[in-house]
Amino acid sequence: MENKQQSNSERKENKVVKKKMNWSGSLIVASLTGAFGSSFLYGYNLSVVNAPAAYIKKFYNETWERRYGFSVDESTLTLLWSITVSIFAIGGLVGAIIVTPIVKFFGRKCTLLLNNVFAVTAALLMSLSLLAGSFEMLILGRIIMGVDAGISLSALPMYLSEISPKEIRGSLGQVTAIFICVGVFTGQVLGLPEIFGKESRWPYLFGVIIVPSLVQVVILPFLPESPRYLLLEKHNTSKAEKAFQTFLGKDDVSHEVEEVLAESRVQRNTKLVSVLQLLRTRAVRWQVITVVITMGCYQLCGLNAIWYYTNNIFSEAGINRETIPYVTLSTGAVETVAAVFSGLVIERLGRRPLLIGGFGLMIVFFAVLTVSLTLQSNVQWLPYLSIFCILAIIASFCIGPGGIPFVLTGEFFQQSQRPAAFMIAGTVNWLSNFAVGLLFPFIQSGLQTYCFLVFAAICFAGATYLFFVLPETKNKTLNEISQAFAKRNKVSLEMQEMNHYPEERKSSAEQESNFTSSVDNGETKKGIV
């Protein structure tokens, strides 16, 4: 009995030690640096236009008057502002479309580094627009910044999913969402009147974008490329082994190398799959549909409508305009705390409960918010309930729907399919983002306080689909996840493994021969069969 208890305690200790070993210093630095120069900037640019909106519109009007000798009419000014806000999503769509060939030829890490050219260019254009007296520079900077965001929101989750051990894949994947939230909060803080939220200082809000880019350019080159990319796409066993050693913090990585090679031998295909080929692949049909649904709901569930029009929503809730910037800080703080919480519990609770539960809570709070906004003119304390509902919606979103779609896209697909999958996910993401930014003012105008019921219906549809279709992917290999979808895809696991294109297929024997010769040359420390 004592021996049994002792062995149980030893197993628990081994699990704890193993979990601690998974989080190496290089892995943490790579994830934080990658996210700071990528998803942080996406979140920052979502919120940064809120605070200086009045000053930017004034700048547009003054520039127009200086050029044409008369003030711009209200409808034209509204159109210019709507373009400034929503064109960020058009740039994001462009970035999502071009990311596939870029990550193929340059790799995941180099793509993140090269992407900083877009960020720095956009920052200079936007921050110098007032000095140059050109609002076109600000609009052009927004679309270029969108391209940066479109690339980074595909390349970063791809990089993180490929450098992380499967035991912490979900937690590390949530770093993308956490830094989006930190970026949103930072944009709100810097937009306060005491900092850069003044008429003479608003260009500095856009100049700050250079800082995260420079940090990434200085630190990321000293960290390895994705070992899976090096091994499966570049066939560089030596570099891949060193990358594994750096990220895992141990010398013997023969098991990890063998695991990736075993997956490669099963898949028989490491050539890049196009979007059209991926859509035609029966073995991943429901994985693609699930990614489209989760990414669509990620944007269409209504959170970006809250970010883009935060000030108007709080104003409708009865909050004093001078107080709004400080109340808005609470939304960013709640979002950040909820995202961190999700990152801490995702490997314990799993993806399914957090994703479905998050959408479920959003449905409840959207319904309460609708009632509160409808009746608040009759009841004095209801505006405070509206604020609570907005904070609760944000927290519910960040617990699950805010980050898990990126994690799932990295988990569902094999190496050769992953870039195309992220391109599909990114396209859906940015088209939905643009649609919300463009259509929400009209929905709000037409439906008034009932507008949030539209988003509640979308959340309900998404939660229902995920409840019946999404399997749990926590701590599972690609083959195990594929097996979970096999019945729904109406293919056997063997068919899933063989379901690739002959012209792109590399024989298993040829791959084994290549890697065996690498072993013979002493590139790996232990034999790979």
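The values are calculated or read from the model by the stated rules, or taken from the named source; none is laboratory data. If you're wondering where the values come from, they're calculated on a predicted model, not measured in any experiment. Neighbour counts run over all protein chains shown; Cβ positions are idealised from the backbone, glycine included. Only protein heavy atoms, including side chains, enter the accessible area calculation; ligands, DNA and RNA are left aside. Shrake-Rupley method; radii C 1.70, N 1.55, O 1.52, S 1.80 Å.
Sorted by mean Cβ packing within 10 Å, highest first, what order do the peptides 182-190, 466-474 take?
Peptide ranking by packing, descending: 182-190, 466-474.
Just for the Cα atoms in segment 273-500, what are the lengths along the principal axes, largest first, rounded to whole Å?
So the extents along the principal axes, rounded to whole Å, are 64, 35, 26.
How long is the gain from residue 74 to residue 238 if the chain were fully straight, where each residue apart is worth 0.36 nm and the alpha carbon distance is subtracted?
52.8 nm
Could you tell me the accessible area of residue 162 in Å² (1.4 Å probe, neighbours in place), rounded to the nearest ten?
10 Å²
Sort 346-357, 247-258 for me by packing, meaning the mean count of neighbouring Cβ atoms within 10 Å per residue, highest on top.
Answer by packing, highest mean first, reads 346-357, 247-258.
So if I place +1 on the C-beta of Lys and Arg and -1 on the C-beta of Asp and Glu, and nothing else carries charge, what would the dipole magnitude of segment 273-500 be about its Cα centre? I want it in debye, nearest 20.
620 debye
Using a 10 Å cut-off on Cβ atoms, rank the peptides 235-242, 275-282, 394-401 from the highest mean neighbour count down.
394-401, 235-242, 275-282
Assuming R0 = 35 Å, can you tell me the calculated FRET efficiency for the pair residue 211 and residue 340, based on Cβ-Cβ distance, to the nearest 0.05?
It comes to 0.95.
Can you list residues from other chains, or at least 5 along the same chain, whose modelled amide H is less than 5 Å from the amide H of residue 199?
none
Work out from phi, with θ = phi - 60° and the Karplus expression 6.51 cos²θ - 1.76 cosθ + 1.60, the ³J(HN,Hα) of each residue of segment 252-262, listed in order in whole Hz, and give x for Gly and Pro.
8, 10, 4, 5, 5, 5, 4, 4, 5, 5, 4
In whole Å, what three semi-axes, largest first, describe the equivalent ellipsoid of segment 23-223 built from its Cα gyration tensor (square root of 5 times each eigenvalue)?
Gyration-tensor ellipsoid for segment 23-223: 34, 17, 13 Å.
If you take the C-alpha gyration tensor of segment 351-419, multiply each eigenvalue by 5 and take the square root, what semi-axes do you get, largest first, in whole Å?
They are 36, 9, 8 Å, listed from largest to smallest.
State the dimensionless ratio Rg/Rh of segment 62-177 (Rg: radius of gyration of Cα atoms; Rh: Kirkwood radius).
Radius of gyration over Kirkwood radius for segment 62-177 works out to 1.14.
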